[in-house]
Amino acid sequence: MGAELNSILIGLFLFVVYLLTIYYFVVGHLTITIDNGQLKFDWTRKLIFNYDDIAPINIADIKTIVIDSGLLLRKIATVDTTIKINNAKVQQKEAHKFIYELVNLTKENNVREIDSWDEWADKGYIKTAYKINTIILVLATVLVTFFIIKKGFNSRHLFLVLLLIPQLFLYGQQMKQKIKNDKK
């Protein structure tokens with residue numbers, strides 16, 4: 001629209017509005033407090049499109065917590081409820097403290113602490129995901145190499161080489177390690 005109206009300011013303004021709209025719909029602020037042996041969840045309210053309220057749960061009822069890299073709390077599962085947390089990689093100091101405190105509180109109750117790959121392994125998805133990842137990794141590498149040889153280097157190939165292929169390789173190594181550990 002900015003190009004049609006011959007104004008870069010309109011394009012920048014619309015881009016900023018777009019980013020703020022996405023931020024509003026995607027990001028929520030969840031406060032979790034520990035009070036009298038319970039975890040209480042409180043979403044910061046928005047004008048519209050609020051997240052559903054989460055009922056408090058007793059710490060003694062927690063069966064599994066999913067924590068990736070020791071820093072990212074993904075889920076808290078009880079016998080009948082699964083609460084998806086998914087705290088962001090942009091961490092706040094309180095998130096680290098909360099995860100540490102939660103792990104210490106749940107040690108007394110024999111809570112299973114796993115990561116996302118363990119969860120995939122429990123569901124039986126990890127071997128299939130590893131095979132699919134390997135196929136995509138090989139195909140992406142072959143395609144990039146083929147196009148570089150046939151048409152010469154193009155900066156569009158850099159996207160695959162720098163972003164997709166290393167990430168797939170990293171996921172493959174993590175899945176391979178998890179499969180290897182499950183066989184022991």
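The values are calculated or read from the model by the stated rules, or taken from the named source; none is laboratory data. Note that this is a predicted model, so its numbers are computed, not measured. Ideal geometry is used to build each Cβ from the backbone, glycine not excepted, and the neighbour counts take in all protein chains shown. With ligands, DNA and RNA removed, areas are computed over all heavy atoms of the protein, side chains included. Shrake-Rupley method; radii C 1.70, N 1.55, O 1.52, S 1.80 Å.
Details
- When L19, L164, L72 are compared by accessible area of protein heavy atoms, the largest-first order is L19, L164, L72, using a 1.4 Å probe.
- Of the trypsin sites (Lys or Arg not before Pro) in region 1-75, the ones in a loop by DSSP (not H, G, I, E or B) with at most 13 other beta carbons within 10 Å are R45, K46.
- Among the listed pairs K127/K183; K75/K97; K63/K178; K107/K127, those whose Cα-Cα separation exceeds 18 Å are K63/K178; K107/K127.
- The accessible area of K176, taken with all protein chains in place and a 1.4 Å probe, comes to roughly 110 Å².
- Helical content of the chain, expressed as a calculated mean residue ellipticity at 222 nm, amounts to -16500 deg cm²/dmol (DSSP H runs of 4 or more residues, -39,500 (n - 2.57) each, divided by residue number, nearest 500).
- Sequence of W43, W120 when ordered by accessible area, the most exposed leading, probe 1.4 angstrom: W120, W43
- ³J(HN,Hα) computed for each position of region 164-176 - Karplus, 6.51 cos²θ - 1.76 cosθ + 1.60, integer Hz, glycine/proline x: 6, 5, x, 5, 4, 4, 4, 4, x, 5, 5, 5, 4
- Qualifying aspartates and glutamates (Cα of each under 13 Å from Cα of K40; at least 8 residues distant if same chain): D53
- Region 47-139, accessible area per residue, ligands and nucleic acids excluded (1.4 Å, Å²): 68 Å²
- Apolar share of the accessible surface for the chain: 62 percent from carbon plus sulfur atoms, 1.4 Å probe.
- Straight-line reach from K93: taking Cα to Cα under 14 Å and skipping same-chain neighbours fewer than 8 places apart, the aspartates and glutamates in range are E101.
- Convex hull volume of the chain per residue (C-alpha atoms, cubic angstrom): 183 Å³
- DSSP-defined beta bridges in the chain - what % are antiparallel, rounded to 5: 85 percent
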